[in-house]
1. If you take the residues in segment 248-297 that are out of contact with any strand residue (DSSP E or B) (no Cβ under 8 Å at 6 or more places or on another chain) and of a type outside the set (A, V, I, L, M, F, W, C), which one is nearest to Val222 (Cα to Cα)?
2. Can you tell me which condition Ala328 does not meet? The list is (1) loosely packed, with under 15 Cβ neighbours inside 10 Å; (2) closer than 30 Å to Gly57 by Cβ; (3) not polar (S, T, N, Q), and all the others hold.
3. If you take the residues in segment 170-216 that are more than 23 Å from Val94 (Cβ to Cβ) and of a type in the set (Gly, Ala, Ser), which one is nearest to the chain's Cα centre (by Cα)?
4. Which of the residues that make up segment 203-215 are in a strand (DSSP E or B) and touching a residue at least 40 places away in the same chain (Cβ under 8 Å)?
5. Do we have any residue at all in segment 237-260 that's basic (Lys, Arg) and farther than 29 Å from Leu318 by Cα?
6. Restricting to segment 164-199, and then to whatever is buried (at least 22 other Cβ atoms within 10 Å of the Cβ) and of a type in the set (A, V, I, L, M, F, W, C), can you tell me which residue is farthest from Pro343 (Cα to Cα)?
7. Tell me, which strands (runs of 3 or more DSSP E) wholly within segment 261-353 include 3 or more residues that are aromatic (Phe, Trp, Tyr) and out of contact with any His (no Cβ under 7 Å at 6 or more places or on another chain)?
8. Considering each residue of segment 97-129, count those that are among the aliphatic types (A, V, I, L, M), surrounded by 16 or more Cβ atoms within 10 Å (Cβ to Cβ) and modelled with pLDDT of 95 or more, and give that number.
Amino acid sequence: MRRRPPAARLTRALLASPLLASLALTAGLLLAAPAQAGIDDYQLGQGLELGPINLAGYSSVTAALPDQGHKSLAIDDLSLFISGHVTSLVNPFVEAELTGLDLTRWGGDGDRHRDGYVVLERVYNDIYLPDGFTLRAGKMLAPVGEWNQIHAAPLVLSTVRPAVTYRNFSEYATGLSVLYADPAAALPDIQVYWQPAEELSARPDSIVDNRYRLVQGAHVSVPLALLDKVGLSFQRSVDDQGTEQHLYGLDGHYTVDRLTLQGEWTYSTLSGPGTRTRSREWGGFLSPSYALDDQWSVYGWYEIYSGRLQDAAAQDLLGGVAYRPHPAMVFKLEYVQNVGGRPVNPTGLFASWSVLF
């Protein structure tokens, strides 16, 4: 069967999805507005201020060249943020994205091109309460570790995501959350959240490992310096097979001059029905990165991950280089090597070009 060119697949996806069409139209207006409307104060990476509304987002094009299987050049993310600060009671936030759209794909064993998915990442409203408290209602990112909360491609360390930052917990919570941020920045930040039922606008089965319901948890972030911190996470959830999971996590971020160390660790107990080879799930990664100057940096990470279906822990090493011609733009080139167990991330070369707009 003849394959449609990337532009044709993107057009078909736009016509098939009103949400995606709205996302693309808004992103186009956002990029065009500074030039057409003469908005002189627009800065790349800061979004576009339209009264109480801010339009922002990011894009990421990735090249995946694993040693085995298919290879691809894809729009990994085209994301739009719409946030409003109207009153202390009305502060909406919406994030929608197009993900997994192959521009070209080759190799592998009969794998078809991915036509992309439209995902509603977040939709919630914040109510600002006195003394540093915020009440949040809607669909939000679950605060397990640091990576999942940052998650945007231009802001995270590498193109390839360590398994422990997403595979073994619910990345989202649909319900209520209470956040505390000390106005004096002396006490820990705290977030407690509760999802009473299913996830709102859940992602397709083809891009998730597990679905979760009845999610509840907390995250405590202890500041060490201006950018440095240590975080503690807890999450209880039930997956779609009825397995009950209790997860405990630790994350940290520490900088010494040009060297930054960061990492995350999680440990989960599993009980009840469901398919698994073990009743414990655990993993962690540790990453150093070093800024050569304001534009160039080198980085790497080592990860060990033992999932509920794995007979042996997977171990991966990654090394890469990043180039930032602008604070809101980054090009990353990296190589992943599996050194033990059944791979979670395949061995191979990966690259990305990401822009925060």
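1. Step one: of segment 248-297, the residues out of contact with any strand residue (DSSP E or B) (no Cβ under 8 Å at 6 or more places or on another chain) are 256-257, 273, 275, 277, 293.
This time we only want the ones that are of a type outside the set (A, V, I, L, M, F, W, C), so: 257, 273, 275, 277, 293.
On the way: Asp257: 21, Pro273: 36, Thr275: 37, Thr277: 35, Asp293: 29 Å.
By that ranking, first place goes to Asp257.
2. (1)
3. This residue is Ser206.
4. The initial filter retains those residues of segment 203-215 that are in a strand (DSSP E or B), namely 212-215.
Selection gives Tyr212, Val215.
5. We begin by selecting, within segment 237-260, every residue basic (Lys, Arg); these are 258.
Next, only the ones that are farther than 29 Å from Leu318 by Cα stay: none.
Looking for residues that are basic (Lys, Arg) and farther than 29 Å from Leu318 by Cα, one finds none in segment 237-260, hence no.
6. Ala173
7. Numbers: elements: 280-291, 296-306, 314-326, 329-340.
In segment 261-353, the matching strands (runs of 3 or more DSSP E) lie at 280-291, 296-306.
8. Going through segment 97-129 one residue at a time, the tally reaches 1.
The values are calculated or read from the model by the stated rules, or taken from the named source; none is laboratory data. Keep in mind that what you see is a predicted model, and the values were worked out from it rather than measured. When we count neighbours, we look across all protein chains shown, and the Cβ atoms used for this are built from the backbone with ideal geometry, even at glycine. When the accessible area is computed, the model is the full protein with side chains, heavy atoms only, and any ligands, DNA or RNA have been set aside. Shrake-Rupley method; radii C 1.70, N 1.55, O 1.52, S 1.80 Å.
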